[in-house]
Amino acid sequence: IAGSVSEPIRNNFGGCKSLIFINYVEDISSIYAKIRFAINPVLSGSGLKIKNIEALFNSRPIVTSHTGMQGMKEFLNKGLFLAEDIQEWKDAFSLLDDDKKYAKVIDDIIYYSEKYLNDNLSGIEKIL
């Protein structure tokens with residue numbers, strides 16, 4: 001768990017051996033290189049979630065809530081996975097733990113990221 005959010009979580013779950021806490025991250029890509037997927041369990045807010053963009057830009061799937069998915073419906077089940085209850089979180093984690101399915105998800109992230117950028121950049125170029 002990285003960033004300023006790690007401190008309050010560490011206070012409650014610091015004894016959990018499967019969690020690693022990092023307060024400040026200078027180079028986020030170094031963290032993404034070490035992880036299999038990211039989670040963004042955001043419960044409130046609006047607009048596009050930059051943490052999702054970071055994960056996908058670093059070719060890492062992300063599991064998030066309905067709120068976290070805002071502005072990114074194009075990536076649903078193509079690198080971004082929706083989880084609203086415990087079972088859905090477990091299902092997403094299981095899918096991303098399967099090497100064959102994980103490889104397909106990474107391919108999807110690359111394909112749909114490039115498609116999204118190409119589709120949206122062409123619209124911007126027409127305006128300019």
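The values are calculated or read from the model by the stated rules, or taken from the named source; none is laboratory data. In this text the structure is predicted, and so the values were computed from the model without any measurement. We place every Cβ from the backbone using ideal geometry, glycine too, and count neighbours over all the protein chains shown. The area values use the complete protein model at the heavy-atom level, side chains included, leaving out ligands, DNA and RNA. Shrake-Rupley method; radii C 1.70, N 1.55, O 1.52, S 1.80 Å.
The figures follow:
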item	result
Gain in span if fully extended, D108 to I86, counting 0.36 nm per residue against the direct Cα distance	5.4 nm
For the stretch 1-100, projected area of the alpha-carbon convex hull averaged over all directions, nm²	6.8
Nearby lysines by direct alpha-carbon distance to K101 (threshold 23 angstrom, same-chain neighbours under 8 apart not counted)	K34, K51, K73, K78, K90, K115
Accessible area expressed per residue, the stretch 61-112, with surrounding protein chains retained (probe 1.4 Å, Å²)	56
Table column - 3J(HN,Hα) (Hz), the stretch 76-89, Karplus curve with 6.51, -1.76, 1.60, x for Gly and Pro	4, 6, 10, x, 10, 10, 8, 9, 10, 9, 4, 5, 5, 5
Antiparallel %, DSSP beta bridges [both residues in the chain], to 5	0
Sequence ranges 105-112, 70-77, 94-101, ranked by mean other-Cβ count within 10 angstrom, highest first	105-112, 70-77, 94-101
Amide H contacts of F81 (H built 1.01 Å from N, under 5 Å, at least 5 apart or other chain)	I62, V63, T64
Cβ charges +1 (Lys, Arg) and -1 (Asp, Glu), total dipole of the chain, debye	140
Simple label model, 7 Å out from Cα along Cβ direction - V42 to L117, nm	2.1
